[in-house]
1. For Cα pairs less than 8 Å apart in space and 6+ apart in sequence, what is the mean separation divided by the residue count of chain A, i.e. the relative contact order in percent?
2. Relative to the present Cα-Cα distance, how much length would full extension add between residue B:65 and residue B:131 at 0.36 nm per residue of separation?
3. With heavy atoms of protein chains only and a 1.4 Å probe, what residues of the stretch B:136-159 have at least 30 Å² less accessible area in the full set of chains than alone?
4. Got a sec? Charge dipole of the protein assembly as shown, +1 on Cβ for Lys and Arg, -1 for Asp and Glu; which of A:282, A:71, A:269 is way out at the positive end?
5. What is the distance, in nm, between label points placed 7 Å from the Cα along the Cα-to-Cβ direction at residue B:210 and at residue A:262?
6. Give the value in nm², to one decimal: projected area of the alpha carbon convex hull of the stretch A:20-134, averaged over all directions.
7. Using a Gaussian network model of chain A with C-alpha springs under 10 Å, which one of A:215, A:257, A:268 is most mobile by mean-square fluctuation?
8. Extending each Cα 7 Å along its Cβ direction at residue B:74 and residue A:116, get the distance between those two points in nm, one decimal.
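The values are calculated or read from the model by the stated rules, or taken from the named source; none is laboratory data. Since the structure is predicted, the reported quantities are computational estimates derived from the model, not experimental observations. All Cβ positions, even for glycine, are placed from backbone atoms using ideal geometry, and neighbour counts span all protein chains on display. Ligands, DNA and RNA are excluded from the accessible area calculation, which covers all protein heavy atoms including side chains. Shrake-Rupley method; radii C 1.70, N 1.55, O 1.52, S 1.80 Å.
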Amino acid sequence: MSAPPLLDVRGIARRLGSHQALDDISFSLASGDILGIIGRSGAGKSTLIRCLSGLERVDGGSITVEGTEITALSETALQTVRQRIGMIFQHFNLLSAKTAAENVMLPLLIAGWPKRRREERVAELLDLVGLGGQAKRYPHQLSGGQKQRVGIARALAASPALLLCDEATSALDPETTTSILALLDDINRRLGVTMVLITHEMSVIRSLARKVIVLDHGRIAEQGSVAEIFGAPRSDVTHSLLRGFRPELPDHLAAALRPEPFPGSAPLFRIDLAGENARGTLLFDLAQSFRVRPVLLHGGLQDVRGVAVGSLFVALADAGAAPVDAILSFLLGRSQATELLGHVVPSA
Amino acid sequence: MLSLLLDLLWQSLLQTLEMTFAAGAVSLLLGLPLAVLLVTTDRQGIRPIPPLNLVASWIVNAVRSVPFIILLIILIPVTRLIAGTSLGTEAAIIPLSIACIPYYARIAEVSLREVDRGLIDAVRAMGGSRWTIIRHVLVPEALPGLLSGFTVTLVTLIGASAMAGAIGAGGLGDLAIRYGYQRFETNVMIAVVIVLIALVCLIQWLGDRLAARLGHR
Ligand SMILES: Nc1ncnc2c1ncn2[C@@H]1O[C@H](COP(=O)(O)OP(=O)(O)OP(=O)(O)O)[C@@H](O)[C@H]1O
Ligand SMILES: [Mg+2]
């Protein structure tokens, strides 16, 4: 079998006041993987990520990091485990009284590195994040993007196995966000660091995550590969979170939709595609098998981490005699998900 | 006459400075740890020990609620025990310190509490011990406030040391009372006030400059 997971979470729960912030959360993460956690505000994302490093205690369940079960550890015993975990924050949380270099050095000081090696490592890390020349600057002398780079260098200083990012790019402009994401991606590739990212921005998930967990009211609404989630979201929360990131039926077409067939109408299907089935002869095969004329009304494919993902809105003209049920099951076999939306005039 | 006045002023100024800075140093040395204790053992602190927190808080409140002039008298036996006498400049340092330790502790506590919790979390998350958090987060991040608070404490001490004159501590306040009040030598009184104003302004100016230099914001 494969190697044991780097992070294994089993049935954790956490109550905050009278609010059940986390409820029966289970997932595991292999070494080198990148997990994105999305959810509405207040869903419990920050609480979850804080539990993973023991900053927040759990009421039940277990969390295993690199084979160590952490939920029962004392604050002192946790200190050793935390040296294997790096954390990045939305508001950077850099110490204002320390320079960039001193901030990056602190985890090494905690880990007890000798002075010479500390200094070499800090220089190396600042170069890695592209801040070689800013070592002696204080946080207030740096831009938001530069501060986050210091935050990343600090999180990586003691070579952690796991990097936790809570809204790492939410305080940054789009361009800076892109550069920070590219840096994180590069770090994952080069150093093989496992990452958990929380974000409101679906573009962050799309460009960085491999697996996705959708949290809703403290529970996992759904989880899967990023292509699965973007390709064919199953829960309502995911649908609403991904609004704008997936092709939607334009309003004028949606308005023309009727639940029952009518003279001159054609059934309209939404076909969600991902990976293999997104690139192929699907529409041609459909026409051949059922003698229908597929009319593409709307749709789009996008690249999600190297996987083609998207949706097509296809009306089937001349389907008068063709069995809709058979067509549906044919499409279900060739797509992530297919839904009969209603009936429209195909040429409209 | 003038040289006599200047000589008196100079001697008194030295005594005031001795009392202020000696008691100030003690307040800083003991008040800051007390403030750290108040913050860290709090229910939301990094080492919650609510009973200890409560006791410390009560003691601080108790000492702070007694007017200084009364504290001076209550503490005469303690002062005698430590200094061997309850009279004189050195002896006055003891009640001044005891009054100012909780005073500075409360001021410092406010600054320490203002330190962003996110910074404490960041250092906890990297595996920092409680001592690391105190040493690298709480104190350095609160430093400008701790310093301004110390300046306030010193200025308060100058005023309190004048009251200590009542138990024969000497100093500028004592001079003003003996010559200015009891002997109606108004010019001595005016001279003392001018020196006091200059002294307070100087301390405040130095404190502000230092705090500004240490604040990296
Ligand atoms: N001390 C508390 N008492 C009661 N409820 C709390 C407490 N702390 C947090 N909560 C609630 O727990 C829930 C989870 O909070 P959390 O910060 O994990 O959400 P989040 O998903 O990170 O939200 P956001 O996207 O806004 O950052 C929220 O609904 C919040 O109101
Ligand atoms: Mg949050």
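1. 17 percent
2. My answer for the length gained is 20.6 nm.
3. B:136, B:141
4. Selected residue: A:71.
5. That separation, rounded to one decimal, is 8.5 nm.
6. The orientation-averaged projected area of the Cα hull of the stretch A:20-134 comes to 9.2 nm².
7. A:257
8. 5.9 nm
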